[in-house]
1. Quick one: which helices (runs of 4 or more DSSP H) sit completely within segment 253-354 and have at least 1 residues that are at pLDDT 90 or above, open to solvent by 10 Å² or more (accessible area, probe 1.4 Å) and not charged (D, E, K, R)?
2. Residues in segment 85-99 that are open to solvent by 20 Å² or more (accessible area, probe 1.4 Å) and touching a residue at least 40 places away in the same chain (Cβ under 8 Å): how many?
3. Take segment 206-236 and flag every residue that is among the charged types (D, E, K, R) and either surrounded by fewer than 15 Cβ atoms within 10 Å (Cβ to Cβ) or within 30 Å of residue 182 (Cα to Cα) (or both).
4. Counting residues that are modelled with pLDDT of 90 or more, farther than 30 Å from residue 148 by Cβ and in contact with a Cys (Cβ under 8 Å, 6 or more places away or on another chain), which strands (runs of 3 or more DSSP E) fully inside segment 189-248 reach at least 2?
5. Within segment 111-148, count every residue that is on the phi < 0 side of the Ramachandran plot and surrounded by fewer than 17 Cβ atoms within 10 Å (Cβ to Cβ).
6. Check segment 428-448 and report whether any residue there is exposed (fewer than 15 other Cβ atoms within 10 Å of the Cβ), under 15 Å from residue 365 (Cα atoms) and either modelled with pLDDT under 85 or acidic (Asp, Glu) (or both).
7. From the list 91, 135, pick out the single residue that is modelled with pLDDT under 95, basic (Lys, Arg) and within 23 Å of residue 173 (Cα to Cα).
Amino acid sequence: MSTGELAEREEAAVRDMLFSEFNIVARPFQVKIIREMRFHSRSILMVHKTGDGKSMVPLGSVRMKRGVGIIVVPLLTIGSGQEAAAGAACKNMEAIHWDGLSKHDKQLLLERLNATHDRSRCIVLFVSPQSLDGKSNNLRSAIEGLFRRGVVSTVGIDELHRVSLDSLVLRRAFGRLKKNLFAFRALSPTPVALVAMTATLTAELLDQFKVITGLEFDVVEWGDTQRRNIALKLVFADSPAKELKKLVVAHRENAGKIVLYTNHSTRAETNLRDAVEKVLPAGEDVATIVGKTPAILKTYFIDGWGAPIKKDEEGAGEEDGDEAHHPSTSPLCLNLTVLIATGAANCGIDSRECTGVGREGPPPHIIDMLQEMGRIRFQDDGMYEYLVALNVAMWASLILRIQKTESAAERARQRSSLLVVLKLLVLTPRCVHTELETAFSMPGGEPVASLPNECKDKCWFCNLALTHGGGSEGKVKANKVAAGEALTRCFSVNGSTPSADVLGALYSARAKIWPEVKKATKQYASRLLLQLIASEILSFTARLPHKKEKGVGSVLLNWNFIHWKSDERWQVFST
């Protein structure tokens, strides 16, 4: 039998298994990866968009190889959701989420694992990195024993980018996954397949992941990252909450769900929630998910988010062929149409009815932007929108949060990531969709899809109507020139001249800079200042204030114009 014929038989076996055990028609990438894991025990890197079916891959591997599969989930709510989905998908496989068990049930499970010596059963165990950490850890010891006895057949890690982002400061247990789990693969008498999965990844985060975990990959499956049917909108606003409230109203009128993101938990629980509750119709609910939200409550909200919108009696009824509107089997009484969250919920939440995502302030990292866009589950050519509402105060408040980070290396990393985001938001030199596709394409690989260089009308660069201060391209450039001339008059440019009053002076001079657009001068001023920061024409140093000092958002920013009149950075900005 030739190699090609053998591969075809292996793929046919995978397709048959997915249909008979999970009742799904397999997608080509699922067949390819499960085949590599089942028949060759490969290590796989898989990058595919939300909704493509990534989670089916490790389940399929466990079902075919049997034994125990260990899947690491960085967020507890993801583990709960995947446990429920896995258990419902296949009756011949047991799914368990360790972090969701009671103390008594954990002890019973440990006894079972320690007594398991073969692969006669199919068990998928979802664990968090924290559950494997600690000097004396019974779960880790039990898993090590399973490896030594050859019982573990598959290892998976979901949302792998969180390891790179969080391991240094926020969740140090992520940085110890190598010794707490991955190193055990070498102890197994039989090869153990591995798959690392995420919807979004950059070359930088991939390199960091490899260093932290010690993993290398035999096969890389990197799917299409484009999301060009989502309109990307950027607005500069004194009150971002008002802009997000408009987004909620617009999408609820079109029967869509909305997720709103902010960088600060207090604003999620107060300002944004208050704004949404004022416009939400009776019978509809809003929920907030932040870092300190209890895991059981996060699970409760995410289950409610995934359930279809409850309709009133007059409009009730199923749409033909649309299983998304079947009655929910969940006991939840919530009717969630709006979810407000921090980065604690930018992955692992899913609703087929989500059509709009809004963000207050800049995303901390460019990957957050694509993760948040991934909450939109488009089904057709409807209205899909990702909105960033921005102003200088929102940027400064994020700088304050970064400044509170104890690690100097982590502060530098976060500042650098924020600068990349700011350049994309206010200085992008081309179509924003193209910029994102380039940033998240496979390192060193060919373009995934043959797409035009511009989206035509789905981003704020290609369509000026999607940002404040729109109009003709000539008018926008003329405004930049006028702003530059006004700044030249306002500030000394001979060398490096500190100025503690840059922000105030800029706002004071806004009527002279933009005499024809008085109603939008604050938006123009915010945009200009952020452009100066992004282009590094305007530098700053940040420090936390002393007890008797006051600063913008409780952080003191010392501004400084550098050699920008003849500097290349000014030329980049002015064009």
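The values are calculated or read from the model by the stated rules, or taken from the named source; none is laboratory data. This structure is a prediction, so every number in the text was calculated from the model and none was measured. Quick reminder, even Gly has a Cβ in these numbers, built from the backbone with ideal geometry, and neighbours come from all protein chains shown. We work out accessible area using only protein heavy atoms, side chains counted, and drop any ligands, DNA or RNA first. Shrake-Rupley method; radii C 1.70, N 1.55, O 1.52, S 1.80 Å.
1. Per the criteria, 265-269, 271-279.
2. 4
3. Initial filter on segment 206-236 (among the charged types (D, E, K, R)): 207, 210, 216, 218, 221, 224, 227-228, 233.
Scanning segment 206-236 gives 207, 210, 216, 218, 221, 224.
4. Numbers: elements: 193-198, 219-222, 231-236.
Passing ranges, in order: 231-236.
5. 15
6. Scanning segment 428-448 turns up no residue that is exposed (fewer than 15 other Cβ atoms within 10 Å of the Cβ), under 15 Å from residue 365 (Cα atoms) and either modelled with pLDDT under 85 or acidic (Asp, Glu) (or both).
7. Working: 91 fails: within 23 Å of residue 173 (Cα to Cα).
After applying the criteria, what remains is 135.
A quick yes/no check of all residues on (1) in contact with a Ser or Thr (Cβ under 8 Å, 6 or more places away or on another chain); (2) farther than 26 Å from residue 52 by Cα; (3) surrounded by fewer than 22 Cβ atoms within 10 Å (Cβ to Cβ):
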{"position": "154", "(1), (2), (3)": "yes, no, no"}
{"position": "163", "(1), (2), (3)": "yes, no, no"}
{"position": "168", "(1), (2), (3)": "yes, yes, yes"}
{"position": "178", "(1), (2), (3)": "yes, yes, yes"}
{"position": "183", "(1), (2), (3)": "no, yes, yes"}
{"position": "191", "(1), (2), (3)": "yes, yes, yes"}
